[in-house]
Amino acid sequence: MEDTLRIADKSIKNRLFIGTGKFPDKSLVRNVLEESQAEVVTVALRRVDADSIDENILGHIPESCIIMINTSGARDADEAIRIARLGKAMECGNWIKIEVISDNKYLLPDNTEALKATEALVKEGFTVLPYMSPDLSMAKRFVEAGAAAVMPLGSPIGSNRGLKTEELVRIMVNEIDIPVIVDAGIGWPSEAAACMELGCGAVLVNTAIATADDPVAAARAFSLAVIAGRTAYLNSGMAVNEDAKPSSPLTGFLRDDK
Amino acid sequence: MSFIDLIKKYESTGLHERLDSVTEKDIEYLLPKDILTPMQFLSLLSPAASDCLEDMAKKAHRITLKNFGKAIQLYTPIYISDYCDNNCIYCGFNVNIKRPRKKLTMDELGREARYIADTGLKHILVLTGSSRSKSPLSYIKECVKVLKRYFSSISIEVYPLTEEEYKELIDEGVDGLTIYQETYNRAIYDNVHIKGFKRDYLFRLDAAERALRKRVRVVNIGALLGLNKWREDGFYVGLHAKYLQDKFPEAEISISVPRIRPQTKEYSPQYEVSDRDITQLILAFRLFLPRIGITLSTRESQELRDNLLPLGITKISADSTTAVGGHTSGNKEEFEQFLISDKRSVPEIRRLLLSRGYQPVLKDWIN
């Protein structure tokens, strides 16, 4: 059976999600998406300029992609809800990444406000994916509120520091039933692969691709890494056993005692 | 607590002696650090640090790329009135300068707004001279109502208001405030602001906080470089930005680095600020405050602006005029508040940014 990520009514083959901010030229976004064959892209509604053909980022996204509007700039739940509704009115679809940042210094998410926004927007029929600081009890609350997936950060946005939150993300992957998508902080393809090996549903990458010298090549590398990590996860038997196999097993003394 | 308490704290620490005591070795030690103390920030403003600009620039470029990517936001100012009740000796709107004054009617404002909006810009900065009688809050509010039809983000740069007045403008659709202290040095401040309510140093100093308490989204501060020794004012600007960032972490705080341009025949800057100095200042801001926005206006030359882009700049103005109605009236230079150096149009700036590997961002908010 084909391995797909199921979110709402969509089956997604490509588990690399791509963010569209920070690129040196909007027109590069199309090349990046085509090269990586990404199926889900995030777009900050604050930057969508529906009045302009040249300036409108949506014009650079292939029609086959699922657009997930993000609420970048929202400082609390009410602002996130307002942005989500505006996005819907602008016909940007009903997938919404809740991003509530009440701390502009480190750009860390506000889980409590994100939860409030999630509760409200799920009721309004949105497919909601909250960006969050990894925390199991909070993730469970997001599940209860009806989130379609949770998006814990690997490290602060734009930091390219990798999966510093590995232990917390691993616990979330083990304990909750909706996809866990690592969002933010992934700087290298190997780190994206590591997220997938852990069992994450997908990885979202923006800065590392957008600010690379060759964003198209970077997108290809990330796409391959995500496939590699996912394949490893599905075939855990290939993993090298961490314990050496001693020629005299530690419980060998029990052999005669059957 | 007000920022004045911090100024008082540092005033007594002998800033200039400290600046002179910094060595290049101190800077080498500081550069690898991710988080800098205010005193370490001061060191980056020292004469010794001016010999380390290349290393500072490399790091500033890296930090900016990570935090802001390859994108630069564009905006333009719109002057709605040049009536002014103040006598500020460096300013072209000075009440003592006898010349015709102008205040846009709503029709004229609409024409000016349409002209700017046609360039594709969505961020506007509304400026007035400081006259509460000629351009009262009600007039500014009326203007905001008109501008809302054309722009997705409206910032104001007007005389300081009370907390309730800021609230009224924010409710009307204003999301950004620009307010420069001009100089943080009290004695110089008193000397250059001879007459008018602008003499109230503290009311101006606390203005940003009053607006932030009413949840304005963006605040942009700065000192008018040339009124005072730039190292001293630069230090207080950075400290002020950090103070606001710490106290209002949800807000976007940014800094401008306006250098005095020829504005009146009677005044020339008391302290020289060279291109090297302004570069050092921008780099020090970026290293001390990695997430701060840094704005560079058309006061600076085309060449300098282009070269400063990768060093930490996040916002630039384009197609600027500092005359009331200057976009559509044609009387650009005669009545300007100060002279513009970089006169490039929006399409020219867009092309330049793209050729330098930067995405011009014309829209970055949704009012």
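The values are calculated or read from the model by the stated rules, or taken from the named source; none is laboratory data. None of the values given here were measured: they were computed from a predicted structure. Counting neighbours? That spans all protein chains shown, and the Cβs are built from the backbone with ideal geometry, glycine included.
Listing for the model above:
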read-out: Matching strands (runs of 3 or more DSSP E) fully within the range B:166-278 where at least 2 residues are of a type in the set (A, V, I, L, M), away from chain A (no Cβ under 14 Å) and under 16 Å from the mean Cα position of the chain (by Cα); value: B:176-182, B:218-223
read-out: Number of positions in the range A:135-162 that are part of a strand (DSSP E or B) and of a type in the set (A, V, I, L, M); value: 2
read-out: The range A:33-47, residues that are surrounded by 20 or more Cβ atoms within 10 Å (Cβ to Cβ) and more than 17 Å from the chain's Cα centre (by Cα); value: A:45, A:46, A:47
read-out: Helices (runs of 4 or more DSSP H) wholly inside the range B:1-113 that include at least 2 residues being within 14 Å of chain A (Cβ to nearest Cβ); value: B:53-68
read-out: Filter result (surrounded by 19 or more Cβ atoms within 10 Å (Cβ to Cβ), farther than 19 Å from residue A:81 by Cα and among the small types (Gly, Ala, Ser)) within the range A:125-145; value: A:139
read-out: Conditions (1) of a type outside the set (Val, Ile, Thr); (2) over 30 Å from residue B:152 (Cα atoms); (3) within 25 Å of the chain's Cα centre (by Cα): number failed by residue B:77; value: (2)
read-out: From A:106, A:131, residue being closer than 25 Å to residue A:171 by Cβ and over 15 Å from the mean Cα position of the chain (by Cα); value: A:106
read-out: Matching residues in the range A:86-100 - criterion: being crowded, with 24+ Cβ neighbours inside 10 Å and farther than 19 Å from residue A:179 by Cα; value: A:87, A:100
read-out: Which numbered condition residue B:193 fails, given (1) in contact with a helix residue (DSSP H, G or I) (Cβ under 7 Å, 6 or more places away or on another chain); (2) surrounded by 19 or more Cβ atoms within 10 Å (Cβ to Cβ); (3) at pLDDT 90 or above; value: (3)
read-out: Residues of the range A:54-84 satisfying the condition of being touching a strand residue (DSSP E or B) at 6+ places or on another chain (Cβ under 8 Å), closer than 11 Å to residue A:43 by Cβ, within 14 Å of chain B (Cβ to nearest Cβ) and outside any loop (DSSP other than H, G, I, E, B); value: A:57, A:58, A:69, A:70
read-out: Residue that is surrounded by the fewest Cβ atoms within 10 Å (Cβ to Cβ), among those in the range B:115-147 that are within 14 Å of another protein chain (Cβ to nearest Cβ) and charged (D, E, K, R); value: B:118
read-out: Selected residue (only one of B:291, B:305, B:286 is touching a residue at least 60 places away in the same chain (Cβ under 8 Å) and assigned to a helix (DSSP H, G or I)); value: B:286
read-out: Condition check for residue A:157: touching a strand residue (DSSP E or B) at 6+ places or on another chain (Cβ under 9 Å), within 14 Å of another protein chain (Cβ to nearest Cβ), surrounded by 17 or more Cβ atoms within 10 Å (Cβ to Cβ) and of a type in the set (A, V, I, L, M, F, W, C); value: yes
read-out: Tabulated pairs, the range B:106-135, first on the phi > 0 side of the Ramachandran plot, second basic (Lys, Arg), C-beta under 9 angstrom, 6+ apart or interchain; value: B:120/B:350; B:120/B:363
read-out: Count of residues meeting criterion [within 14 Å of another protein chain (Cβ to nearest Cβ), part of a helix (DSSP H, G or I) and farther than 29 Å from residue A:161 by Cβ] in the range A:85-134; value: 5
read-out: Any chance residue A:207 is more than 14 Å from chain B (Cβ to nearest Cβ), touching a Gly at 6+ places or on another chain (Cβ under 7 Å) and either touching a residue at least 12 places away in the same chain (Cβ under 8 Å) or surrounded by fewer than 22 Cβ atoms within 10 Å (Cβ to Cβ) (or both); value: no
